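Asks: Please see the structure below; I have some questions.
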Amino acid sequence: MVPSQVEYQLPDVRAQQAADTQPARGGPQHNPYARPSPLEVRVARITFVNPRFEVSYWGMEHALPFLGKRANMPVACLPLLAALTPAGHTVTLLDENVQDLDLDRLARADIVGLTGMIVQRQRMRALLTGLKQRGVFTVVGGPWVSVQEDYFGDLADVVFVGEAEETWPQFLADWARGRHRRRYEQAEKSDMSKVPTPRFDLLRMDRYMFGSLQFSRGCPFQCEFCDIIVTFGRRPRLKAAAQVVAELEALRAQGVRITFIVDDNLIGNKQAIKLLLRDLVAYQEAHGYPFVFFTEASLDLAEDDELLQLLVDANIVSVFIGIESPNEEALKETRKFQNVRPARGTLVERVHKIQRAGIEVWSGMIVGFDHDGPDIFEAQRRFIEEARIISTMVGMLYAIPKTPLHARLARAGRLDSSDEPACGTNVLPLRMRREELRDGYVKLLDLLYEPKAYFRRVEDLYLKARLELNAAVHKRRARHPWTWVKSVVRDLVTGGVLFWRLLRGVPERSLRREYGRRLWRLCRLRPNPTALLVYALKCALHYHQHTMARQMASGRTKVHNSF
Ligand code: B12
Ligand code: SF4
């Protein structure tokens, strides 16, 4: 996802390509979780690996060449695990999405740790197989193995289920004594006030679009399909302001400007997050707004004016919200009760309210609930258009292991247990045939990212509703005219270069013409350098989403579900 009102500087692609692919290494820094025991004499050379992702909605793979980056953002666990490693061990971080992997070289490590989501599971398996053949000691953790811990069988020597702030140092102490276990799972959730500053310095941060930062974990809600609350719990746990400031400084030291706040739900504990946001606003003010943020939150954000204002003041410009469905019965079925509150306004009204505050809304939508019939596809299309949601991630309902949905459907005999289910989801729908669900989903995506429909939503939001651009920064710009001039020039140049790359690089003539036409309209109706940059980014993102949808619709690629 790209925030809309960003001040994003395009990198020099050629210089980046010339840079070598050597991994960065480092010893640990201060880590309150790690208490090396006197018995811990054996030290390890540890390499953590983030395997290649499949193409996905968020992966932005088709847009990255124009943006001059190799990946959207680093996974947050890699630099965190490095920071959690007790002193004495050597840590190397490798992200296959931004650098090549050499298995023989990897085999020199004493311990190789793999992370991964569901969309990385097959690549994880391939890497583990290669490492096993080379006799390497491997450990796995992260979102996928936390919900499907037997997936890799004997390919991995040790499996970590869930959070690892306590278990990772514990494992290293056990390993040093030659007494490690096969499986680690914490008895208690991690105490976020003790989480150390991630080692961003061990990553190639210049190869990513965004940085990542985490304030909290957990979400108070109870959506039936959600594995986040299974793994991270329903009690939001937050970091202290000093930890957040230390992370901001660490990101700034790496030259990061745009940052994704990777919380499961930023506003899970409204009172506590307001306090943190006030500190974030103070930090931004004191340092001249060095960061543009985007994040994920629940729709009840629309019900709290103070919270909305704090997000805007902190320069959080976009928020991804799991809206899931305009079908109220489906929302009730999946226990997404926070979205079913007619007294607080319709879904569309609540989205518009957030937009009016100056925040762009991105959404997650799901088709294939038990209460969804074949009319759901058109209902979803109409809702997204009415709500002026430009970028939306639509997926077919998928039952992730360990969720209440998975348990319910297993009891009902409605799960396809194959690793690659025939129609893109393991759920056997109730009111549609599986093929009908798959075809309806692919067609819906194709319609949503058809250029005219997409740009109609862009214009509705940016030209008709005139979503405010970078309100917090603009307030400051009025007081600092020179900074303002610099940022205007930066937006103009960055937007212009991105546009030029798109017009040169997009192979389809019809798309190039559409992008050019839309830009021309914008220049006439909203002549503003930030708007130019926003439009250029919207075109790049359109190219990714449209290409993904077209390739699925024409059968050139498999049907990618969003999960
Ligand atoms: C922020 C976020 C994103 C961001 C950033 C993604 C990124 N590249 O990092 C964005 C919005 C871009 C995103 C995209 C996607 N996401 Co996402 N995302 C999240 C979210 C909310 C938080 C992830 C995070 O950073 N957590 C903070 C870190 C520190 O936690 P962690 O990774 O779990 O690590 C801890 C432990 O797991 C453990 N650990 C992890 N790995 C390892 C490895 C070893 C060896 C050890 C010892 C321990 C260990 O230690 C860490 C400290 O405790 C999670 C929900 C969740 N809480 O997991 C979903 C989640 C991970 N995403 C998910 C999915 C499906 C996706 C997409 C595929 C969706 C799509 N179709 O586009 C894409 C992938 C695109 C891509 N190429 O990046 C699913 C994965 C399902 C699963 N169980 O596998 C999740 C769980 C959400 C969900 N249920 O839908 N996502
Ligand atoms: S609001 Fe989001 S994170 Fe919270 S339970 Fe529902 S799906 Fe999970």
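Asks: For segment 509-557, report the accessible area per residue in Å² (1.4 Å probe, heavy atoms, rounded to an integer).
Replies: Numbers: 2090 Å² over 49 residues.
Accessible surface, normalised per residue, equals 43 Å².
Asks: Of the heavy-atom accessible surface of the chain (probe 1.4 angstrom), what whole percent is carbon and sulfur?
Replies: Details: 11570 of 22120 Å².
With neighbouring chains kept in place, the figure for the chain is 52 percent.
Asks: Here's something else I'd like to know. Filter the cross-link list Lys69/Lys538; Lys274/Lys336; Lys194/Lys270; Lys194/Lys239; Lys443/Lys558; Lys189/Lys239 down to pairs whose alpha-carbon distance in this structure exceeds 18 Å.
Replies: Details: Lys69/Lys538 16 Å; Lys274/Lys336 24 Å; Lys194/Lys270 21 Å; Lys194/Lys239 8 Å; Lys443/Lys558 14 Å; Lys189/Lys239 13 Å.
Too far apart for the 18 Å limit: Lys274/Lys336; Lys194/Lys270.
Asks: Check the chain for me: any Cys whose beta-carbon has no other cysteine beta-carbon within less than 4.7 Å?
Replies: Cys77, Cys219, Cys423, Cys523, Cys539
Asks: Among bridges DSSP assigns within the chain, what percent are antiparallel (round to 5)? Display every interim value, and only then the final one.
Replies: Details: 6 of 48 bridges.
Here the share of antiparallel DSSP bridges comes out near 10 percent.
Asks: Under the 0.36 nm per residue contour assumption, what length would be gained going from the current alpha-carbon distance of Ala87 and Asp304 to full extension? Write down the numbers at each step before the final one.
Replies: Working: separation 217, 0.36 × 217 = 78.12 nm, distance 4.43 nm.
Extra length available between Ala87 and Asp304 comes to 73.7 nm.
Asks: Tell me which residues come under 5 Å, amide H to amide H, from Arg341 once H is placed; ignore anything under 5 positions away on its chain.
Replies: none
Asks: Here's another thing I want to ask about it. If the cut-off is 18 Å between C-alpha atoms, which lysines fall inside it for Lys486, apart from same-chain ones fewer than 8 positions away?
Replies: Lys475
Asks: With a 1.4 Å probe and all protein chains in place, put Tyr151, Tyr449 in order of accessible area, largest first.
Replies: On the way: Tyr151 30, Tyr449 5 Å².
Per-residue accessible area, sorted high to low, gives Tyr151, Tyr449.
Asks: With +1 on each Lys and Arg Cβ and -1 on each Asp and Glu Cβ, and nothing else charged, work out how big the dipole of the chain is about its Cα centre, in Debye to the nearest 20.
Replies: Values: 80 positive and 66 negative charges, 261 e Å.
Result for the chain is approximately 1260 debye, rounded to the nearest 20.
Asks: How would Thr90, Thr403 line up by accessible area, probe 1.4 Å, largest first? Intermediate results must be reported in sequence, preceding the final value.
Replies: On the way: Thr90 55, Thr403 5 Å².
Largest accessible area first, the residues go Thr90, Thr403.
Asks: Rounded to the nearest 0.05, what FRET efficiency do Lys452 and Arg479 give with R0 = 45 Å and r taken as the Cβ-Cβ distance? Could you check? Display every interim value, and only then the final one.
Replies: Numbers: r = 41 Å, r/R0 = 0.92.
The computed FRET efficiency comes out at 0.65.
Asks: Turning to a different aspect of this structure: Could you work out how far apart the two model spin labels at Glu328 and Glu420 are, taking each label as a point 7 Å from the Cα in the direction of the beta carbon, and quote it in nm?
Replies: 4.3
Asks: Starting from the Cα-Cα distance between Glu385 and Lys132, subtract it from 0.36 nm times their residue separation and give me the gain in nm to one decimal. Walk me through the numbers before you get to the answer.
Replies: Details: separation 253, 0.36 × 253 = 91.08 nm, distance 4.99 nm.
Net length gain for the segment: 86.1 nm.
Asks: Kindly state, to the nearest 0.05, the FRET efficiency for Arg356 paired with Lys274, given R0 = 30 Å and r defined as their beta-carbon distance. Write down the numbers at each step before the final one.
Replies: Values: r = 20 Å, r/R0 = 0.67.
Working from the Cβ atoms, E equals 0.90.
Asks: Around Leu447, with a cut-off of 11 angstrom between Cβ atoms, what is the net charge of the other residues, counting Lys and Arg +1 and Asp and Glu -1?
Replies: Values: positive: Arg381, Arg382, Lys443, Lys452; negative: Glu378, Glu385, Asp446, Glu450.
Once positives and negatives cancel, what remains is 0.
Asks: Specify whether the C-alpha gyration tensor of segment 470-530 places it in the rounded, prolate or oblate class, a ≥ b ≥ c being the square roots of the eigenvalues: rounded for a/c under 1.5, otherwise prolate if a/b is larger than b/c and oblate if not.
Replies: On the way: a/c = 3.77, a/b = 2.29, b/c = 1.64.
Note, shape of segment 470-530 comes out prolate.
Asks: Could you give the alpha-carbon Rg of the chain over 2.2 N^0.38 Å, rounded to two decimals? It would help to have the intermediate numbers written out before the result.
Replies: On the way: Rg = 23.2 Å, N = 563, 2.2 N^0.38 = 24.4 Å.
The value comes to 0.95.
Asks: Full extension from Thr557 to Phe337: what is 0.36 nm times the residue separation minus their Cα-Cα distance, to one decimal in nm?
Replies: On the way: separation 220, 0.36 × 220 = 79.20 nm, distance 3.58 nm.
Length gained between Thr557 and Phe337: 75.6 nm.
Asks: Averaging sequence separations of C-alpha pairs under 8 Å and six or more residues apart, then dividing by the length of segment 423-543, give the relative contact order as a whole percent. Intermediate values should be presented prior to the final figure.
Replies: Numbers: 63 pairs, mean separation 33.5, N = 121.
With pairs under 8 Å counted, the relative contact order is 28 percent.
Asks: Taking R0 as 30 Å, what's the FRET efficiency between Gln222 and Ala187 from their Cβ-Cβ distance, rounded to 0.05?
Replies: Values: r = 23 Å, r/R0 = 0.76.
Between Gln222 and Ala187 the formula returns 0.85.
Asks: Apply the a/c threshold of 1.5 to the C-alpha gyration tensor of segment 327-371 and tell me whether it is rounded, prolate or oblate.
Replies: On the way: a/c = 3.17, a/b = 1.71, b/c = 1.86.
Oblate, because a/c is 1.5 or more while a/b does not exceed b/c.
Asks: Kindly identify segment 163-245 as rounded, prolate or oblate by the Cα gyration tensor criterion: order the square roots of the eigenvalues as a ≥ b ≥ c, call it rounded if a/c is under 1.5, otherwise compare a/b with b/c, prolate if a/b is larger, else oblate.
Replies: On the way: a/c = 1.72, a/b = 1.10, b/c = 1.57.
Because a/c hits 1.5 or more and a/b fails to exceed b/c, segment 163-245 counts as oblate.
Asks: Here's another thing I want to ask about it. Leaving ligands, DNA and RNA out of it, work out the accessible area of His352 with a 1.4 Å probe and give it in Å² to the nearest 10.
Replies: It works out to around 40 Å².
Asks: At most 12 other Cβ atoms within 10 Å and a DSSP loop assignment: could you name the GluC sites (Glu not before Pro) in segment 127-213 that fit?
Replies: Numbers: sites: Glu149, Glu163, Glu165, Glu166, Glu185, Glu188; in loops: Glu149, Glu163, Glu165, Glu166, Glu188.
Within segment 127-213, the qualifying GluC sites (Glu not before Pro) (loop, at most 12 other Cβ atoms within 10 Å) are Glu188.
Asks: Once the mean 1/r over all distinct Cα pairs of segment 413-563 is inverted, what Kirkwood radius in angstroms do you read off? Walk me through the numbers on the way to the answer.
Replies: Working: mean 1/r = 0.0554 Å⁻¹.
Here the Kirkwood hydrodynamic radius works out to 18.1 Å.
Asks: Given points 7 Å out from each Cα along the Cα-Cβ axis, report the Arg512 to Ala242 separation in nanometres with one decimal.
Replies: Computed distance between label sites Arg512 and Ala242 equals 5.7 nm.
Asks: In segment 120-160, whose amide N lies under 19 Å from the spot 7 Å out along Cα-to-Cβ of Asp174? List them in ranges.
Replies: 137-143, 145-160
Asks: On a 1.4 Å probe surface of the protein chains, which of Arg45, Arg477 comes out largest in accessible area, and what is the full order? Each step should come with its number before you reach the end.
Replies: On the way: Arg45 125, Arg477 10 Å².
If we order Arg45, Arg477 from most to least accessible, we get Arg45, Arg477.
Asks: Roll a 1.4 Å probe over the protein heavy atoms and report the accessible area of Ser418 in Å², nearest 10.
Replies: 50
Asks: If you don't mind, there's one more thing I want to ask. Taking segment 237-380 on its own, what percent of its Cα-Cα pair distances exceed 19 Å?
Replies: Of all Cα-Cα pairs in segment 237-380, 55 percent lie more than 19 Å apart.
Asks: Now, a different point. What does the helix-only formula give at 222 nm for the chain: each DSSP H stretch with n ≥ 4 adding -39500 (n - 2.57), the total divided by the residues, and the result rounded to the nearest 500 deg cm²/dmol? List each step's numbers first, then the result.
Replies: Numbers: 21 runs with 231 residues, N = 563.
Value at 222 nm, helices only, nearest 500: -12500 deg cm²/dmol.
The values are calculated or read from the model by the stated rules, or taken from the named source; none is laboratory data. Keep in mind the model is a prediction, meaning the values are calculated, not measured. Neighbour counts are summed over all protein chains in view; Cβ atoms, including those assigned to glycine, are modelled from backbone coordinates with ideal geometry. Remember, those area values only see protein heavy atoms, side chains included, never the ligands or the DNA or RNA. Shrake-Rupley method; radii C 1.70, N 1.55, O 1.52, S 1.80 Å.
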